[in-house]
Amino acid sequence: MKRTFRIKEIWIHLICWMCLMSFPIGVNLAQSGNMHSSFLIQLFLNPIMFYANYSLLAPRLLLKKKIIAYILISIAVIVSFNFIANSFLMITPLDRMEYFIRLEEDFPPIKNLRNVIRGIFSLAFFLLGGIFRLMVDFYKRDKLSKETDAQRTKTELQFLKAQLNPHFLFNSLNSVYSLVRTKSNNASEAVLTLSELMRYMLYEANQEIVPLIKETEYIKNYVALQRLRLSNSEDVRLSIKGEYEKKKIYPLLLISFIENAFKYGTDFKGVTDIEIKIRVNQNKLTFNVNNIIGVYRKNIDSSGVGLTNIKNRLELLYPDLHTLEIKEENDRYIVDLTLILA
């Protein structure tokens, strides 16, 4: 990555200098038909001033907060380079005579103005070198910070998702175990449904993002598995509506709320009342779970894994693209989630 960035940086510099130099060279050739050494010296002095700051002084002094040393050395460099340039003009054979003739013919203000303009150009390119070095350094730091944050987020998401798998498996095996223990005729169907769920978790949910239609099929299978162990499964209602076939979602975001509903949505008398709604309107997904509270309120999601986990994932995956409201009302547990899908 560093090599690629360096090559790209070199090409940008070359193209910029070619564009920058082509204009004054073209103007000079159009006016006089040739290029005197005085013009070439001034022309190539500018890149030297630029890179003296960009490659040497700025990274070694300015970026290391050695401000006083940077200012003093910068002044010395600017004065020295301009002195060398003027001295070189006087000893260049092709332009020496022209140089002295101009010194004699020009009025002192004009001579001074020419020197001032040359100094201003040198100073401008020197300062540009420092500014560009600061910009490049800021870009590199910002890019590194974003890459670090992205890697940290990815690692955290992998950890959170890894927690979901054993949590889900534990709950699902409990459902199958209860059917086998009571010698239910639905035990074999439950095993097949569980295998479908595990297949999705192993081969589909490992992707960063999945089709929403596959996530809803996974939810349907999970609800079907839970219905098998309930004597009054008709009181479990699942409704999925909207044009969601082409939408995508991060996997396993909704299942923890549904698990929680089945875990605590049955009272001691065997009464079940769970309603799950998923609606998709354009890029907006609304998800609602409404169930009775069948156990003591203090025990809701006592494991601390499911809902806490999913809240953290929502903050990481949809930081400004979701709203979540969880409340207890009239002995019912209600979850309302809104997502803006990609």
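Using the structure shown, decide if Glu259 is outside any loop (DSSP other than H, G, I, E, B) and surrounded by fewer than 20 Cβ atoms within 10 Å (Cβ to Cβ). When the stated conditions are applied, Glu259 does not pass them.
No other residue among Ile68, Ile48, Ile73 is in a helix (DSSP H, G or I), modelled with pLDDT of 85 or more and surrounded by 15 or more Cβ atoms within 10 Å (Cβ to Cβ) apart from Ile73.
Return a yes/no flag: does region 80-101 have any residue that is within 22 Å of His13 (Cα to Cα), at pLDDT below 85, in a helix (DSSP H, G or I) and among the hydroxyl-bearing types (Ser, Thr, Tyr). No, every residue in region 80-101 fails to be within 22 Å of His13 (Cα to Cα), at pLDDT below 85, in a helix (DSSP H, G or I) and among the hydroxyl-bearing types (Ser, Thr, Tyr). Of the numbered criteria (1) in contact with a Leu (Cβ under 6 Å, 6 or more places away or on another chain); (2) modelled with pLDDT of 75 or more; (3) not aromatic (Phe, Trp, Tyr), the one Leu238 fails is (1).
The values are calculated or read from the model by the stated rules, or taken from the named source; none is laboratory data. Since we're looking at a predicted model, the values are computed, not measured. Cβ coordinates were reconstructed from backbone atoms using ideal geometry, including for glycine residues, and neighbour counts include every protein chain displayed.
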